[in-house]
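Student: Got a structure here, written out as structure tokens. Questions coming.
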Number of protein chains: 2
Amino acid sequence: MTRKLYALCGTDRTRPFSPHVWKTKLSLAHKGLAFDVVPVGFTEIPMLEQGVTKIVPLFRDGEKLVSDSFDIALYLEEAYPDRPTLFRGEGGKAMARFVEGWSQMTLHPAIGRIAIMDIHDSLEPVDRAYFRQSREKRFGTSLEATAEAGRVDLETFSATLEPLRHMLKFQPFIGGDGPLFADYIVFGALQWARIVSPHRLLAAGDVVSDWFERCLDLHDGLGRSVTAA
Amino acid sequence: MTRKLYALCGTDRTRPFSPHVWKTKLSLAHKGLAFDVVPVGFTEIPMLEQGVTKIVPLFRDGEKLVSDSFDIALYLEEAYPDRPTLFRGEGGKAMARFVEGWSQMTLHPAIGRIAIMDIHDSLEPVDRAYFRQSREKRFGTSLEATAEAGRVDLETFSATLEPLRHMLKFQPFIGGDGPLFADYIVFGALQWARIVSPHRLLAAGDVVSDWFERCLDLHDGLGRSVTAA
């Protein structure tokens, strides 16, 4: 296989959890492209492919190496124009950046706090040390204090999904009639939460749950290939 | 003029303030279409055009009547396909619904609370009575208590703009290189705040301010045709 996707894992190498890697997995499946997943721990990332990146996903397509889930989606769209589109036009490409902004500045910090100890506990010892140090620097406090703050996020999380609920009054996917990369962006965040945290962030009967279940069904149930925590 | 846009105003008929009407004004200018603005008060809306609508904007284009800013944008895109596009493709059309959801579920409630007394005070007496009754029902409390809650919104408002700041790292408009209807959606909310409230919600030096100023400059400075409160 010439296509290789490096995917962040903890001790259990069958449970890749990075939200950004999930965006790329769904993007590749959307394009109908086969690929191998290479599980890696946090501290292995800087050593991959001669140290080309500090972040996953890192994607090898033959001779080509691309990191960052959005850049990979742009690359796939350009390299495989005859496969199903990930953006449906230039407007969709531009607005996917806004969806990324919303997901990463709203959902990610909340999920990061809610699940921080679960993520820590799932890692190899060497990665736990890295994770504690980097996240305590990022959040400016101990992992335990961040987890405590996450108890508030648990209560407010559902309210942050209101923009999706409004959109879902008009269409079944962010991409309209069918899913686009923008759906995978938000799916990635919620799939991350689903895999690492025993907290259920989406309530049954919520239209966002229904949309998330539709996303889990996509591409032969690719999202369900890893069970919920 | 066969094109007529009914626009919500208070006592000063030269200061239309509805966020939704501003979306349509910019949409019409984007398409290069001339139109007359017909100022109306809240309580006049149900009587317009044989009672066809309870909301503004209401837009008449010859024989055609359309209400709701998104529906008007869709109508303009279909009726004037040779003019500059408001969506740049089907993906952009779909994702504009998400932008609408974000703007209406995040920015609008905050601005509504922050500016509630300013809006009330700008209205004709008959509209003040309607506004108080309908808003006290909507918010479940007095206008004055809602205004008090708005003091918290003032402090948190800037943080709600983070999704825009992320997007602006990559491109000058939500629509990409140039503005699309999605920009006008968010512009409408902030223009509403600019016109009705003396509070300045955007700080100088903020990239969101820079984007908003770019939007005010569009279409010969249409947004600047009404001064800030």
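The values are calculated or read from the model by the stated rules, or taken from the named source; none is laboratory data. Computed from a prediction, not measured in an experiment: that's the story for all the values here. When we count neighbours, we look across all protein chains shown, and the Cβ atoms used for this are built from the backbone with ideal geometry, even at glycine. Ligands, DNA and RNA are excluded from the accessible area calculation, which covers all protein heavy atoms including side chains. Shrake-Rupley method; radii C 1.70, N 1.55, O 1.52, S 1.80 Å.
Student: Over all residues in B:159-170, what is the mean tally of Cβ atoms on other chains that come within 10 Å of each residue's Cβ?
Tutor: Values: counts 2, 2, 2, 6, 11, 4, 2, 9, 10, 3, 2, 6.
Mean inter-chain Cβ contacts per residue within 10 Å come to 5.
Student: Under the convention of a label 7 Å out along Cα→Cβ, give the distances in nm from A:ASP210 to the same position in every other copy, shortest first.
Tutor: Values, ascending and in nm: 4.2.
Student: If each residue of separation counts as 0.36 nm, what is the full-extension length gain between B:ALA79 and B:VAL152 once their alpha-carbon separation is subtracted?
Tutor: Residue separation times 0.36 nm, minus the Cα-Cα distance, leaves 21.9 nm.
Student: Now a separate question. Over both sides of the A-B contact, add up the buried accessible area with a 1.4 Å probe and give it to the nearest 100 Å². Could the numbers behind the result be given before it?
Tutor: Numbers: alone 10840 and 10830 Å², together 19190 Å².
Summing both chains' loss of accessible area gives about 2500 Å².
Student: Quick one: which residues, 5 or more positions from A:VAL38 or on another chain, have an amide H under 5 Å from its amide H? H modelled 1.01 Å from N in the peptide plane, none for Pro or chain starts.
Tutor: Placed amide hydrogens put A:LEU5, A:TYR6, A:ALA7 under 5 Å from A:VAL38.
Student: Sticking with this structure for a sec: What accessible area per residue comes out for the range A:1-77, rounded to a whole number of Å², with a 1.4 Å probe?
Tutor: 40
Student: Also: Hey, how many Å between the Cα centroid of the range A:1-21 and the Cα centroid of the range B:99-169?
Tutor: Rounded to whole Å, the Cα centres lie 44 Å apart.
Student: Taking the solvent-accessible surface of protein heavy atoms with a 1.4 Å probe, what is the per residue accessible area of the range A:94-225 in Å²? Working shown, then result.
Tutor: On the way: 5380 Å² over 132 residues.
About 41 Å² of surface per residue is accessible.
Student: By a straight-distance test (C-alpha under 19 Å), which lysines pair with A:LYS93 as possible cross-link partners, with residues fewer than eight away in the same chain excluded?
Tutor: A:LYS23, A:LYS25, A:LYS31, B:LYS93, B:LYS169
Student: Going by the rotation axis that takes chain B to chain A, pick out the residue of B with the closest C-beta and quote the gap in whole Å.
Tutor: Checking which Cβ lies nearest the axis yields B:GLY89, 1.
Student: Report the antiparallel proportion of the DSSP beta bridges in the protein assembly as shown as a percent, rounded to a multiple of 5. If you can, show how the numbers build up before the last one.
Tutor: On the way: 18 of 28 bridges.
Taking every DSSP beta bridge with both residues in the protein assembly as shown, the antiparallel ones total about 65 percent.
Student: What FRET efficiency comes out for the pair A:ASP210/B:ASP36, r = Cβ-Cβ distance, R0 = 45 Å, nearest 0.05? It would help to have the intermediate numbers written out before the result.
Tutor: Working: r = 44 Å, r/R0 = 0.98.
Efficiency for this residue pair is about 0.55.
Student: Cα gyration tensor of the range B:1-109, axes a ≥ b ≥ c as square roots of the eigenvalues: rounded (a/c below 1.5), prolate (a/b > b/c) or oblate? Intermediate results must be reported in sequence, preceding the final value.
Tutor: Numbers: a/c = 1.84, a/b = 1.26, b/c = 1.46.
Verdict is oblate for the range B:1-109.
Student: Label-to-label distances across copies for A:ARG138, with labels 7 Å out along Cα→Cβ, in nm, shortest first?
Tutor: For A:ARG138, the other copies' label points sit at 3.8 nm, shortest first.
Student: Something else now. Taking only DSSP H segments of four or more residues, each worth -39500 (n - 2.57), what value at 222 nm results for chain A once the sum is divided by all its residues, to the nearest 500 deg cm²/dmol?
Tutor: Numbers: 10 runs with 121 residues, N = 229.
Roughly -16500 deg cm²/dmol at 222 nm, from the helical runs in chain A.
Student: Roll a 1.4 Å probe over the protein heavy atoms and report the accessible area of B:HIS219 in Å², nearest 10.
Tutor: 60
Student: State whether chain A is rounded, prolate or oblate according to the following rule on the C-alpha gyration tensor (a ≥ b ≥ c being the square roots of its eigenvalues): a/c under 1.5 gives rounded; otherwise a/b larger than b/c gives prolate, and the remaining case gives oblate. Write out the running numbers ahead of the final one.
Tutor: Details: a/c = 1.74, a/b = 1.08, b/c = 1.62.
Oblate is the answer for chain A, as a/c is 1.5 or above yet b/c matches or exceeds a/b.
Student: Once R0 is set to 22 Å, what does the formula 1/(1 + (r/R0)^6) return for the Cβ-Cβ distance between A:ASP121 and A:MET47, expressed as a FRET efficiency to the nearest 0.05? Can you show the working numbers first?
Tutor: Values: r = 24 Å, r/R0 = 1.09.
Rounded to the nearest 0.05, the efficiency is 0.40.
Student: From the phi of every residue in the range B:188-195, what ³J(HN,Hα) in whole Hz does the Karplus formula 6.51 cos²θ - 1.76 cosθ + 1.60 yield, where θ is phi - 60° and glycine or proline is x?
Tutor: x, 5, 6, 5, 3, 4, 4, 7
Student: Now a separate question. Could you give me the ³J(HN,Hα) list for the range A:84-93, computed from phi with Karplus coefficients 6.51, -1.76, 1.60 and θ = phi - 60°, whole Hz, x at Gly and Pro?
Tutor: Running phi through 6.51 cos²θ - 1.76 cosθ + 1.60 with θ = phi - 60° gives x, 6, 8, 10, 6, x, 5, x, x, 5 Hz.
Student: Here is a further query. Show me, for the range A:62-70, the HN-Hα J-couplings you get by feeding each phi into the Karplus relation (A = 6.51, B = -1.76, C = 1.60, θ = phi - 60°), rounded to Hz, glycine and proline as x.
Tutor: Karplus-based 3J(HN,Hα) across the range A:62-70 equals x, 7, 8, 10, 9, 10, 6, 4, 5 Hz.
Student: Note down the net charge around B:ARG88, summing +1 for each Lys or Arg and -1 for each Asp or Glu among other residues with Cβ under 14 Å from its Cβ.
Tutor: +1
Student: If you don't mind, another one. What gaps in nm, shortest first, separate B:ALA34 from its twins in the other copies when you place the label 7 Å past Cα toward the beta carbon?
Tutor: 6.4
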